[in-house]
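Below is one structure; the comments refer to it alone.
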Amino acid sequence: MAKVTVSAIKADIGSLAGHHKVINEQIEYAKNILEKAKNEEKIFDYYVFNAGDDLELLITHDKGTDNPAIHELAWNVFKEVTNNVSKKYKLYAAGQDLLSDAFSGNVKGLGPGVAEMEFEERPSEPIIVFAADKTEPGAWNLPLYRVFADPFCTPGLVIDPSMHEGFIFEVMDLMEGKSILLKTPEESYDLLALIGTPSRFVIARVYRKDGLIAAVASTTRLSLIAGRYVGKDDPVCIVRAQRGLPAVGEYLEAFAYPYLVSGWMRGSHVGPLMPVPLKYSQVTRFDGPPRVVALGFQIYNGKLLGPADLFDDPAFEYVRNKAAEIAEYVRRHGPFMPHRLGPEEMEYTTLPEVIKKLEKRFTEAK
Ligand code: F6R
Ligand code: MG
Ligand code: MG
């Protein structure tokens, strides 16, 4: 079997009732286009779903990462769904994440978020696709660290001989456009020093020490591309599981605690990340709380069996309730930090105008 590439490409191209959720007709329209590509043998397989107001395309093929034909296919799906569905119903923010009219070979830099990995299919190849709404790429930092570097989450790090050597994290500096490889456990503290600032340093990939790719995450920051607020960079992440890699349950374990992420309401607030099944992949309270879905698949000869809707389980009910409780707690802070993000991270801000307006009324402090 030749290598298989798994590409997750997503964009917010308009949604129902504000930024609440993608509609079925958008999903069906995208499926029709990808079904045609599958019948023409341009791709192996696909799955279309939504994370809140983001349309998510999962595509398998043999063309490698950053392939212009695959990126163009995804771009055309987003364009056609925007023009033929989002605009027809005047869905909210139709075409929001499509920052350019002209496609230029790669969707990166044009708005959509992308996570792709190429690998040789193992005798059995379970993967999970995580997709979140109302947060940012750095939201994966905490769970990816816990899965690949914290034995309190992943006992395999201690007791599975093929994971015992640890992992290599590729971290991107979104401000400088640079990346660095850091090894765990030996460089854990350096790694944490960086990824503890998730708005700037984001985990882009994780490799096993023998070079096998284990995880890849989207790293787009739309505001850095467009120079202004254009929407949230709700992220997606693909991971491979089992047999010398973290077990599916070790991945899910990292989401059993509703940790705080940035990106709630107007991209300017902190809130708990709630793990939900697809039926709750929508946002309500205060345009949130931020949510994540986890879809499990088996890849067989490049094709996708699944999904398993992995957070659709009573075991995560407690986590959702906890997230709702944390949401209530942080919401009481209203316009105050740290619920509201710091001025440099807010996606919407009137702050410079307010300061300008009041400038003349400021006098020397006594
Ligand atoms: C969008 C989001 C929402 C919007 C908010 C205001 O992904 O996070 O919270 O920022 O609904 O949206 P506009 O400015 O479009 O009215
Ligand atoms: Mg939206
Ligand atoms: Mg979104």
Discussion item. Under 9 Å between Cβ atoms, which residue pairs at least 6 apart in sequence (or on different chains) link something in segment 60-73 that is at pLDDT 95 or above with a partner that is among the aliphatic types (A, V, I, L, M) and loosely packed, with under 15 Cβ neighbours inside 10 Å?
Written reply: 61/69; 62/2; 63/69
Item to complete: From (1) assigned to a strand (DSSP E or B); (2) within 19 Å of residue 244 (Cα to Cα); (3) of a type in the set (A, V, I, L, M, F, W, C), pick out the condition that doesn't hold for residue 147.
Response: (1)
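What is the residue count in segment 1-29 for residues that are out of contact with any strand residue (DSSP E or B) (no Cβ under 7 Å at 6 or more places or on another chain) and either charged (D, E, K, R) or within 16 Å of ligand 1 (Cβ to nearest atom) (or both)? Write out each step before concluding.
First, pick out the residues of segment 1-29 that are out of contact with any strand residue (DSSP E or B) (no Cβ under 7 Å at 6 or more places or on another chain): 1-2, 16-17, 20, 24-25, 28-29.
Next, only the ones that are either charged (D, E, K, R) or within 16 Å of ligand 1 (Cβ to nearest atom) (or both) stay: 16-17, 20, 25, 28.
Final tally of qualifying residues: 5.
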Worksheet, complete the sentence: Cβ pairs under 6 Å, 6+ apart or interchain, first in segment 336-347 and at negative phi, second in a loop (DSSP other than H, G, I, E, B) and at pLDDT 95 or above, ordered by first then second residue, are 339/333
Discussion item. So the check is Cβ under 8 Å with 6+ separation or different chains; which pairs have a first residue in segment 1-24 that's free of Cβ contacts under 8 Å to residues at least 40 places away in the same chain and a second one that's within 10 Å of ligand 3 (Cβ to nearest atom) and assigned to a strand (DSSP E or B)?
Written reply: 22/15; 22/50; 22/54; 22/55
Item to complete: Those residues that are without any contact (Cβ under 8 Å) to a residue 12 or more places away in the chain and assigned to a loop (DSSP other than H, G, I, E, B), I need them from segment 150-168; list them, please.
Response: 150, 151, 152, 161, 164
Worksheet entry | Whichever residue in segment 108-144 is surrounded by fewer than 24 Cβ atoms within 10 Å (Cβ to Cβ) and of a type in the set (Gly, Ala, Ser) and, among such residues, is nearest to the chain's Cα centre (by Cα) | 109
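State which residue is nearest to residue 291 (Cα to Cα) when the search covers only segment 311-337 and only residues that are of a type in the set (Lys, Arg) and either surrounded by fewer than 19 Cβ atoms within 10 Å (Cβ to Cβ) or out of contact with any strand residue (DSSP E or B) (no Cβ under 7 Å at 6 or more places or on another chain) (or both). Working first, answer last.
Looking only at segment 311-337, we keep the residues that are of a type in the set (Lys, Arg), and these are 320, 322, 331-332.
The next check asks that each one be either surrounded by fewer than 19 Cβ atoms within 10 Å (Cβ to Cβ) or out of contact with any strand residue (DSSP E or B) (no Cβ under 7 Å at 6 or more places or on another chain) (or both); those that pass are 322, 331-332.
Working: 322: 13, 331: 16, 332: 20 Å.
Only one residue tops the list, namely 322.
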Worksheet item: What are the residues in segment 316-366 that are assigned to a helix (DSSP H, G or I) and over 28 Å from the mean Cα position of the chain (by Cα), if any?
Response: 351, 352, 353, 354, 355, 356, 357, 358, 359, 360, 361
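The values are calculated or read from the model by the stated rules, or taken from the named source; none is laboratory data. Bear in mind the structure is a predicted one, so any value in this text is a computation, not a measurement. Heads up, the Cβs are rebuilt from the backbone with ideal geometry, glycines too, and the neighbour counts pull from every protein chain shown.
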